[in-house]
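Colleague: Okay, here's the structure, questions in a sec.
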């Protein structure tokens, strides 16, 4: 994925505008039975309805695994508060190349119950390290075209340093522990990309993510 981030603050820091991504579809995965992929067990899922207004769903869910197009401005509104001095955001996008191949599109699959549990764990870990931070994470599943967002993160805090660090920590931990798999379709073929492999209880992995976030 191609990575973009932004931060805005009412104190002295640089503001970068991040592409707004509007949510239109109102569906999510509800997992049922399994099938075997190249790297791991991947859920075959049925779709469950979201509320008709995706913004209504976002307003009450700081973590989600969803087939809906991600809405970063809605996530930012969710973490904003009167005490907020800064909001840092991150959006991961589908890029058009990988390892010398021209990518056509991606398909993300997830074991939703564990994926949502892992996202909540990341939020809890961030709160433990940065008590003033409010964090929201949505990850998309299903078929994504080039340029579409696969993950959106928003972190607010009274101070920008903590917001930046929590946002970076979240994406590093997503790569480590969230059971979401990527099926890459490229010119001439397709391949499964191995997903998260770290044990959520692995202290070494968590410390590694923390070092990156606080660098």
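The values are calculated or read from the model by the stated rules, or taken from the named source; none is laboratory data. Treat the numbers as computed from the prediction; the structure is a model and nothing was measured. As a convention, Cβ positions derive from the backbone with ideal geometry for all residues, glycine included, and neighbour counts pool all protein chains shown.
Colleague: Given the criteria within 11 Å of the chain's Cα centre (by Cα) and within 19 Å of residue 85 (Cα to Cα), does residue 154 qualify?
Modeller: Against the criterion (within 11 Å of the chain's Cα centre (by Cα) and within 19 Å of residue 85 (Cα to Cα)), residue 154 qualifies.
Colleague: If a residue counts only when it is more than 15 Å from residue 120 (Cβ to Cβ), which strands (runs of 3 or more DSSP E) contained entirely in the range 131-194 have at least 2 such residues?
Modeller: Counting at least 2 such residues, we get 142-145, 149-157, 180-186, 189-193.
Colleague: I've got another one for you. Within the range 113-126, does at least one residue satisfy the condition of being in contact (Cβ under 8 Å) with a residue 40 or more places away in the chain, closer than 15 Å to residue 157 by Cα and either part of a loop (DSSP other than H, G, I, E, B) or under 12 Å from the mean Cα position of the chain (by Cα) (or both)?
Modeller: yes
Colleague: Does the range 142-161 hold any residues that are under 15 Å from residue 129 (Cα atoms) and in contact with a helix residue (DSSP H, G or I) (Cβ under 9 Å, 6 or more places away or on another chain), and which are they?
Modeller: If the condition is that a residue be under 15 Å from residue 129 (Cα atoms) and in contact with a helix residue (DSSP H, G or I) (Cβ under 9 Å, 6 or more places away or on another chain), then 155, 156, 157 are the ones that fit.
For every residue, the table says whether it meets (1) touching a strand residue (DSSP E or B) at 6+ places or on another chain (Cβ under 8 Å); (2) modelled with pLDDT of 95 or more; (3) more than 27 Å from residue 207 (Cα to Cα); (4) surrounded by 15 or more Cβ atoms within 10 Å (Cβ to Cβ).
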| site | (1), (2), (3), (4) |
| --- | --- |
| 86 | yes, yes, no, yes |
| 89 | yes, yes, no, yes |
| 95 | yes, yes, yes, no |
| 106 | yes, yes, yes, yes |
| 118 | no, yes, no, yes |
| 123 | yes, yes, no, yes |
| 127 | yes, yes, no, no |
